[in-house]
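In what follows, a structure is listed as structure tokens, so that the remarks can point back to it.
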Amino acid sequence: MALTVPTFVGHSAHAATAIQHWTQPSGAQIYLVQSPAIPMLDVQVDFDAGGRRDPADKAGLADVTALMMGKGVAARDGRPALDENQLGEAWADLGAGFGANAGSDRMSFTLRTLTQPPELLQKAVELAAREIGEPSWPEAVWRRERERLSAALREARTRPGTLAALAYDHAVYRQHPYGQETSPETLARISLDDMRARHATLLPCRAKLSLVGAVDRAQADALATALLARLPQGQSCAPLPAVPEVTPLAAPLDERIAFPSAQAHVLFGQPGYKREDPDFFPLLVGNHILGGGGFTSRLTEQVREKRGLSYSVYSGFSPGLHAGAFTVGLQTRADQADEALRVARQVVRDFVAQGPTEAELKAAKDNLVGSFPLRLDSNRKLLGNVANIAWHDLPLDYLDRWTARVDAVTLPDIRRAFQRVLQPERMVTVVVGGAP
Amino acid sequence: MLLASRAAPRRLGAALALAAALGAAAPASAQRPAPTPDTAAQQFTLGNGLSVIVQPDHRAPVAVHMLWLRVGAMDEVDGTSGVAHVLEHLMFKGTDKLQPGEFSRRVAALGGRENAFTSMDYTGYYQQVPAARLAEVMALEADRFAHNRYSDEEFAKELDVVKEERRLRTDDNPRALLGEQHRAATFTASPYRRPVVGWMGDLDALTAQDARAFYQRWYVPANATVVVVGDVDPQAVLKLAQQHYGGIPARALPVRKPRPEPPQPGLRRVQVKAPAEQAVVSLAFKVPSMESLAPSPGSDDALALTVLSAVLDGYSGARLDRALTQGADRVADSAHASNGLYGRGPQLFVLSGVPAPGKTPAQLEAALREQVARVAREGVNEAELARVKTQWIASQVYKRDSVMGQAQELGSLWVQGLPLDADARLIERLRQVTAAQVQRVAGQYFGDDQLTIATLDPQPRDPQAKPRAAPAALRH
């Protein structure tokens, strides 16, 4: 699904959300929220090793590196090697869960474990440390996984939503790594040595660890040290190579792809903005009104509620280290695609030209400010927020100031920011399905 | 995901959060009892028959308010499939006091998030709000529970939205089509044979009056429960519920026809041809349902079957993974097992998978059945049993992290007529299941006669094919 929902919607704060932050001697940065009510701990470890660092001809390298890190750990220091099944059993026996995955920017490792008894917590952290630090890179497993992934990619390409998302990403990002397509061909070029090389960039000095759970600062510091203990120690971190920025579109592009489906999948948009953009809050509030705010957004009102044209219609930004796309998406009966597209484009044009009304702005603020506690009502949600602060070097009081920042947004702020960031006359449009 | 809303969770068998949690690889540890929440859930019944269930959780200043109805797609009759789900959409379209869309605008103004869901067994509506706003969403929900109202024009537009939902989720989704056809072939008399979203032909013929009649019939206080979880006091919630829901007049609950599924006289097969690259094989075995937490032969077997599903597929590297998806000559790219355990209708044990390149659906079918046969021949070992039980116990701790998840569990237990502490008691019962019981059920329920097999037969996409034209009947 091409549901481009902003990756960084989770911000918030509660005066009670005290984030503790420190840097370890290794350079690893630690962010902790103590949450003692439930005897459990959630940890996320992030590295600058995501898909944006994949060579174009080896797109998917970050994903498969993360995948293969879960397929076995090597013998070291008297501890026996564990294959993928032994790892699965070990995590199940601990009643804990560990995962690795890569996004466009980050490679992330997540651990969820009980904190009682202490020996169990210790074992879970040690096992996680081995997966982070000592993957065994089994060749036969990679051959199998490559075959499986390639088959799944070919299957996905039989679906109109996948084809639309691929064509759209390609047109919006062009040469930028954010738009690179992982395919059976790129997987065929990836070797275990490529993965070892990506893994070698994971050093403690580059790690950002976020922890939420029933541990205190001293425990968190010791756990963080243990989690990174099996990565190379004592190395200094040279800056990683710069990744180019997403370039603006020079001209509009309309792509129609015939497909024998019941519905047409419609996507349009352009490169958006970077997470560090000073207009983050006007753009957040504005998009909530335009198409991010669920049943009350303008796009839902015009496309779904008034005309019954689509089950799902949305707009979203995806700001990251680079300017992720602004995307409007909907699906509609194939013969209605032109009408739905016309309506949605008009909504976007009007919004960029005139901005929201005073009443819309008030409604958006009421919802965003009022619902703020819902962004922090579980350890899992807190972890996402803390990791976001860590990754983007946001101030530690970011959550405490969040509602005030939303409240301070004005109508001219939104108009100005949208007119600067969006050019409705130069957007990419992809329609898959319906008559060519 | 946010907009994938007013949605219809559809699963073969009962769509139960608990069963899903048991099937998923959630963690745990066998030696320690799960810590219990500081305050247990409480249940009340109002004078008009409406239930109220409250679970305090004071970690954050929030509350989730849910209204559950013991009515879903299984309560529909022929010709109006999908009406339970269409009605769920229409509940957002107004009341005597509120214009279409006004409900959502008011919830949003309160800082709320909201949605609704329909399954075979139940329909639910919810709002997540700052705890201080509970009274206001309760007033809104009680109003539409008693006074839902919309024009025929609003009905027609929303029906178009639901048809788009069906196209998106089912018609253009070969694996969902397979599931729909599989259900339809598996059940003969049971209403579980119908898709929650409804057949397109029935949606074409559905009228506003059908939806209003369904609402009149089933949306009565004795068929509903209010669930509140969060930073609240049970007595205060009870008072609010009396104030807002207590005045809704009691009405008789309609008589439900049992519509039991007759014994299956032999193997059934269904084939679905659809544009795809990969085949899919799915085997559904009719199995007993857990009728209550009290020991009984059927319930004991249902529990043992759930343990069997976890031994086969409860964690990464479990039996199906190991035997079918690994090695140079692997037969599958994926392989899964799940047991329905309980629901308002008949339950299924499902084995499914995607054949590996070069392998046939028939080979995968045989390999899946061989793994069950192996358990029947050789049994399971104690380490496997301990492992799956450990995971369930840990999951009892982790589930407390989600206010929403707790409310969903309480609501779905009420739907089934189970007590509020059923989840913990269920895990106690699962812990008592022995290796011998697992071995016995593996030998008992996996013959041909209670089996229905569905196969997705992938078709190449014809590049010359014209887009499917919408029949004229759709345009209105």
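Brief remarks on what is shown
- Any hit, segment B:388-395, residues being hydroxyl-bearing (Ser, Thr, Tyr) and buried (at least 20 other Cβ atoms within 10 Å of the Cβ): yes
- Only one of B:Glu180, B:Glu164, B:Glu153 that is surrounded by fewer than 21 Cβ atoms within 10 Å (Cβ to Cβ), farther than 30 Å from B:Gly49 by Cα and at pLDDT 95 or above: B:Glu153
- All told, A:Asp42 meets the bar of being assigned to a strand (DSSP E or B) and of a type outside the set (A, V, I, L, M).
- Residue within segment B:266-275 that is within 22 Å of the chain's Cα centre (by Cα) and farther than 24 Å from B:His65 by Cα present: no
- Residue within segment B:111-128 that is over 16 Å from the mean Cα position of the chain (by Cα), more than 13 Å from every other protein chain (Cβ to nearest Cβ) and of a type outside the set (Ser, Thr, Tyr) present: no
- Of the residues in segment B:384-404, none is away from every other protein chain (no Cβ under 14 Å) and either closer than 30 Å to B:Lys286 by Cβ or in contact (Cβ under 8 Å) with a residue 12 or more places away in the chain (or both).
- Test: residue in segment A:356-372 that is within 14 Å of another protein chain (Cβ to nearest Cβ), hydroxyl-bearing (Ser, Thr, Tyr), outside any helix (DSSP H, G or I) and within 25 Å of the chain's Cα centre (by Cα): yes
- Matching entry among A:Gly320, A:Gly269 (being part of a loop (DSSP other than H, G, I, E, B) and over 28 Å from B:Leu159 (Cβ atoms)): A:Gly320
- Only one of the numbered conditions (1) under 26 Å from A:Glu155 (Cβ atoms); (2) of a type in the set (A, V, I, L, M); (3) within 13 Å of another protein chain (Cβ to nearest Cβ) is not met by B:Ala156, and that is (1).
- With respect to the conditions (1) surrounded by 20 or more Cβ atoms within 10 Å (Cβ to Cβ); (2) more than 25 Å from A:Phe295 (Cα to Cα); (3) within 14 Å of another protein chain (Cβ to nearest Cβ), B:Pro221 falls short on a single one, namely (3).
- Some residue of segment B:309-332 being touching a Gly at 6+ places or on another chain (Cβ under 9 Å), under 17 Å from B:Ala454 (Cα atoms) and surrounded by 20 or more Cβ atoms within 10 Å (Cβ to Cβ): yes
- Any hit, segment B:188-197, residues being crowded, with 22+ Cβ neighbours inside 10 Å and within 14 Å of another protein chain (Cβ to nearest Cβ): yes
- Options B:Ala131, B:Ala73, B:Ala146, B:Ala135; residue that is over 26 Å from the mean Cα position of the chain (by Cα), in contact (Cβ under 8 Å) with a residue 40 or more places away in the chain and away from chain A (no Cβ under 12 Å): B:Ala135
- Leading residue by the ranking (farthest from the chain's Cα centre (by Cα)) among those in segment A:308-317 that are at the interface with chain B (Cβ under 7 Å from one of its Cβ atoms) and in a loop (DSSP other than H, G, I, E, B): A:Gly308
- Qualifying residues in segment A:107-121 (those that are under 18 Å from the mean Cα position of the chain (by Cα) and surrounded by fewer than 23 Cβ atoms within 10 Å (Cβ to Cβ)) - the one farthest from the other protein chains (Cβ to nearest Cβ): A:Ser108
- For segment A:385-421, a residue qualifies if it is touching a strand residue (DSSP E or B) at 6+ places or on another chain (Cβ under 8 Å) and not in a loop (DSSP other than H, G, I, E, B), and the qualifying residues are A:Val386, A:Ala387, A:Ile389, A:Ala390, A:Trp391, A:Val421.
- Within segment B:365-374, the presence of at least one residue that is modelled with pLDDT of 95 or more, away from every other protein chain (no Cβ under 14 Å), farther than 30 Å from B:Thr188 by Cα and out of contact with any Gly (no Cβ under 7 Å at 6 or more places or on another chain) is confirmed.
- Hey, B:Val237 touching a residue at least 24 places away in the same chain (Cβ under 8 Å), surrounded by 21 or more Cβ atoms within 10 Å (Cβ to Cβ), of a type in the set (Val, Ile, Thr) and closer than 30 Å to B:Thr434 by Cα or not: no
- Pairs, first in contact (Cβ under 8 Å) with a residue 60 or more places away in the chain in segment A:63-75, second charged (D, E, K, R) and part of a loop (DSSP other than H, G, I, E, B), C-beta under 7 Å, six or more apart: A:Val73/A:Glu134; A:Ala74/A:Glu134
The values are calculated or read from the model by the stated rules, or taken from the named source; none is laboratory data. What you see is a predicted model, and the numbers here were worked out from it, not measured in a lab. Methodologically, a virtual Cβ is constructed for each residue, glycine included, from the backbone with ideal geometry; neighbour enumeration extends over all protein chains shown.
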